[in-house]
Amino acid sequence: MASYDVIFIGSGPGGYVGAIRAAQLGLRVACVEGRETLGGTCLNVGCIPSKALLHATHQLHEAQHNFAAMGLKGKAPSVDWKQMLSYKDEVIGQNTKGIEFLFKKNKVDWLKGWASIPAPDQVKVGDEVHEARRIVIATGSESSPLRGVEVDEKVVLTSTGALELGRIPRRMVVIGGGVIGLEMGSVYARLGAEVTVIEYLDRLIPGNDGEVAKAFQRILQKQGLSFVLGAAVQEVATAKGKARVTYALRKDDSTHEIEAEAVLVATGRRPFVDGLGLEALGVKMTERGQIAVDRHYATSVPGIHAIGDCIPGPMLAHKAEDEGMAVAEILADKAGHVNYGVIPGVIYTHPEVASVGETEESLKEAGHAYKVGKFSFMGNRRAKANFAADGFVKILADKQTDRILGAHIIGPMAGDLIHEICVAMEFGAAAEDLARTCHAHPTYSEAVREAALACGDGAIHA
Ligand code: NAI
């Protein structure tokens, strides 16, 4: 039996980052992981592999649509699907091995196997029981099941199955117009599949700015995706490698059917806490099946903490990472904290969609007086040169004080551009602070500055 200051359960972005930080702060640390490789959902079957496929298929899209106009002649590349999947697996391998290296470098022990918690100071892995002064649960999430739909990961898929399909389907139905549905839907649409997204609400990406959602839908439609909004899927029947999806339109209850070779179920995720023994320990859960924690990530059982997708808040790798660092600091008697008001969200389609802070909808609901500064990428020379002028930057600022309250970007590199606004918000900046900061020309970032200028006396290139 080994004894540790802290054992993290789960090696996803929450657990591995927390474990490394705790070790850097002088604690004796182990991290339990039952998968063959470290990195959790994000590195193995989530963020990273999907980004590899998004990158490869975006290159294909560029070759098919924009190369000739730039004087790059020749046949557009054809797809070697097996090779594209090996490239994706190679990317996963490099990254998961990278964490193994970081664990060794920081002296974090990897306890291989699935953990349970027989007592608040014990973690059982296989037949071995390890003692821990503190335990941090970072076990993440899994795809939520959908009534009437049975996943077989061959025809009816979660995001995991969608990353390793045997072949590119001719027709794909995506259930859920959220982040996973639109990222993976984009991948297969670029690969030539006819993709139809069925969404329960009357809009895509709920929670995001409504104007961005509308623009996003228009752009994706131009890229060939079809949408059925306001529709509830009732059943997915499979036979001979094909699926028949039955859905009802909410406005008139009429039922419709679509056939497809692949159906991706992307209607949200739920906390994964199976096998830990939380009920026997008396760990309090929320109504939504998340582990309830206080501001210090402490559960209702002294000695046991929890972070990441298995506690309330957005299910995002970077939110989990920040909580991992914060809990490590707290356990090392330092002041760890996460600013939940400034957590960016990014959808890695092309163009990307990025947001931070308040939306117009949330400000209206709160009765907060605000102003909007908007700038289209059509006015950005770099974007025009790069065939990337679809989209805009929108900054929301307090009407009286000019303090930035939120920002929403749809456009090239939106996921990177959003961070200058995040930093500004962390420092409590006004839109004028961004507007008065010199931005290099020609860059996409100038569109952010122009949106900030539009909060004041006006943008120059609008
Ligand atoms: P999501 O919550 O983003 O979207 C689910 C969508 O499905 C919503 O639009 C919802 O209205 C719709 N829906 C729910 N039930 C439905 C039904 N019965 N029929 C039709 N539509 C229905 O969930 P998603 O895309 O599955 O992603 C899960 C989690 O993973 C999210 O929290 C997301 O933030 C995270 N994620 C983040 C990524 C990123 O940051 N780029 C990438 C992938 C996932």
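The values are calculated or read from the model by the stated rules, or taken from the named source; none is laboratory data. Just so you know, these numbers come straight off a predicted model, no measurement behind them. No Cβ is skipped: glycine too gets one built from the backbone with ideal geometry, and neighbour counts run over all protein chains shown. Just so you know, the surface numbers come from the protein's heavy atoms only, side chains and all, with ligands and any DNA or RNA stripped out. Shrake-Rupley method; radii C 1.70, N 1.55, O 1.52, S 1.80 Å.
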Quickly run through the stretch 142-173 and pick out the residues that are within 15 Å of the ligand (Cβ to nearest atom), open to solvent by less than 50 Å² (accessible area, probe 1.4 Å) and over 22 Å from the mean Cα position of the chain (by Cα).
-> GLY148, VAL149
Checked the stretch 263-317 for anything assigned to a strand (DSSP E or B), over 30 Å from LEU165 (Cα atoms) and open to solvent by less than 10 Å² (accessible area, probe 1.4 Å); matches are ILE291, ILE304, ALA306
Kindly indicate which of VAL212, VAL197, VAL151, VAL174 is modelled with pLDDT of 95 or more, in a loop (DSSP other than H, G, I, E, B) and outside the structural domain of GLY40 (by TED's automatic domain parsing).
-> VAL151
Quick check: is even one residue across the stretch 224-243 within 12 Å of the ligand (Cβ to nearest atom), closer than 11 Å to THR196 by Cβ, part of a strand (DSSP E or B) and open to solvent by 30 Å² or more (accessible area, probe 1.4 Å)?
-> yes
Any hit, the stretch 130-138, residues being within 30 Å of ASP333 (Cα to Cα), over 27 Å from the mean Cα position of the chain (by Cα) and open to solvent by less than 50 Å² (accessible area, probe 1.4 Å) = yes
Would you mind listing the helices (runs of 4 or more DSSP H) fully within the stretch 1-113 where at least 3 residues are of a type in the set (Asp, Glu)?
-> 81-106
Of the residues ALA414, ALA389, ALA454, ALA354, which is farther than 27 Å from CYS47 by Cα and modelled with pLDDT of 95 or more?
-> ALA454
Evaluate the stretch 192-207: report whether one residue or more is open to solvent by 10 Å² or more (accessible area, probe 1.4 Å), in contact (Cβ under 8 Å) with a residue 40 or more places away in the chain, more than 13 Å from the ligand (Cβ to nearest atom) and of a type in the set (Asp, Glu).
-> no
Restricting attention to the stretch 132-146, which residues are assigned to a loop (DSSP other than H, G, I, E, B) and within 19 Å of ILE180 (Cα to Cα)?
-> GLY140, SER144, PRO145
Positions within the stretch 382-412 being in contact (Cβ under 8 Å) with a residue 40 or more places away in the chain, assigned to a loop (DSSP other than H, G, I, E, B) and within 22 Å of ALA429 (Cβ to Cβ), in sequence order = ASP402
Considering the stretch 389-413 alone, what residues qualify as being surrounded by fewer than 22 Cβ atoms within 10 Å (Cβ to Cβ) and β-branched (Val, Ile, Thr)?
-> THR401
Which listed residue is more than 12 Å from the chain's Cα centre (by Cα), open to solvent by less than 20 Å² (accessible area, probe 1.4 Å) and outside the structural domain of ASP398 (by TED's automatic domain parsing), from ALA326, ALA332, ALA320 | ALA326
